[in-house]
1. In the range 295-318, what count of residues is obtained for those that are assigned to a loop (DSSP other than H, G, I, E, B), within 19 Å of Asn151 (Cβ to Cβ) and at pLDDT 85 or above?
2. Please work out which residue is nearest to Phe71 (Cα to Cα), limiting yourself to the range 174-197 and to residues that are touching a helix residue (DSSP H, G or I) at 6+ places or on another chain (Cβ under 7 Å) and surrounded by 14 or more Cβ atoms within 10 Å (Cβ to Cβ).
3. Any chance you could count how many residues in the range 14-36 are in a helix (DSSP H, G or I), buried (at least 20 other Cβ atoms within 10 Å of the Cβ) and hydrophobic (A, V, I, L, M, F, W, C)?
4. Can you name every one of the strands (runs of 3 or more DSSP E) wholly within the range 117-197 that holds 1 or more residues which are among the small types (Gly, Ala, Ser)?
5. Taking the conditions exactly as written (surrounded by fewer than 23 Cβ atoms within 10 Å (Cβ to Cβ), touching a residue at least 24 places away in the same chain (Cβ under 8 Å), farther than 21 Å from Gly196 by Cβ and of a type outside the set (Lys, Arg)), does Phe66 satisfy them or not?
6. Scanning the range 246-294 for residues that are in a loop (DSSP other than H, G, I, E, B) and out of contact with any Pro (no Cβ under 8 Å at 6 or more places or on another chain), which turns out farthest from Ser222 (Cα to Cα)?
7. Can you tell me which residues in the range 214-233 are hydrophobic (A, V, I, L, M, F, W, C) and closer than 14 Å to Pro246 by Cβ?
8. Does the range 74-90 contain at least one residue that is in the same structural domain as Gln118 (by TED's automatic domain parsing), touching a strand residue (DSSP E or B) at 6+ places or on another chain (Cβ under 7 Å) and in a helix (DSSP H, G or I)?
Amino acid sequence: MPNAEVAAKIREVVQQVETVIVGKREAVERAVIALLCNGHLLIEDIPGVGKTTLAKSLALSLGCVFKRIQFTPDLLPADITGTSVYNQKNSEFEFRQGPVFANVVLADEINRATPKTQAALLECMDELQVTADGVTHPLLRPFFVIATQNNIEHAGTYPLPEAQLDRFLMRVGIGYPAAGDEVRILEAQTRSHPLGAIRAVVSTEELLSLQDAVRSVFVHKSIQSYIVEIVTATRDHPQIEVGASPRGSLALLHAAQAYSAVQGRAFVLPDDVKLLGPDVLAHRLVLSPEARARGMDENAIVADLLNRVPVPVGVTKQ
């Protein structure tokens, strides 16, 4: 698929989502980037800023199977993946698929479920399959998990373990809208919700082609080394107890490829890596007890590292 056609298709998706999520181009683009990378997205912010709406509007703009799971403390792993049910007619157990068997799965308020239930998504997100009663069931392709969580309310919640966080390609926030954008939101929703007007602009087959096209974006060896130096710096930082793994390096590489495709380019620039670094790496870090006691922020630490690691110069397009 030509670069111009890829960029045009991506713009259509972004424009559809922006009819609902007003004035948040960066958050919308990050969500689309995670989708194009065949990764998963964690949206973390305060209540009421549009986390669930962003997830639903993105799903509706795709011609894919969409399922929503409302995570609660009494949710069981089988409620997500499915369960075996005894069929009296043929005297055999049959597997009933859970809501995870979809192209786009919204895991709403994921941190309200117990760690055991959260862990049910690990195999799904990493291996695109569900194993039940010793039988492996492949998931639909593409498979994209969008999870939301409230980052200020801790009562009745369970923090996501590091292994779970590492499965998400990116973690993004939305933030409050600007005053003018908030007025536009009020105007748009006076009589009806704009979600009802969103149409699917990309089919499942087109989405798979877009994901393939993103992987063909050229990445110079110097930029690959730049990514490794950034990730290595997270492992050597005195305020970081556990740095990013090679999965983080791959995530940053693929995110930079997708961002380049969104911009209509066939090659990655160092600035692409630097721009996406905090969104891709911050949630993968475990701060030291001293850093946590001082209230240090993972995003600020990653931003500081990005300013310290030398940027490659003279990068060619091929």
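1. 1
2. Ile174
3. 9
4. Per the criteria, 129-132, 144-150.
5. no
6. So the residue we want is Arg294.
7. Ile227, Val228, Ile230, Val231
8. So far as the range 74-90 goes, yes, one or more of its residues are in the same structural domain as Gln118 (by TED's automatic domain parsing), touching a strand residue (DSSP E or B) at 6+ places or on another chain (Cβ under 7 Å) and in a helix (DSSP H, G or I).
The values are calculated or read from the model by the stated rules, or taken from the named source; none is laboratory data. No experiment lies behind these values; they were computed from the predicted model shown. Using ideal geometry, Cβ is built from the backbone for each residue, glycine included, and neighbour counts are taken over all protein chains shown.
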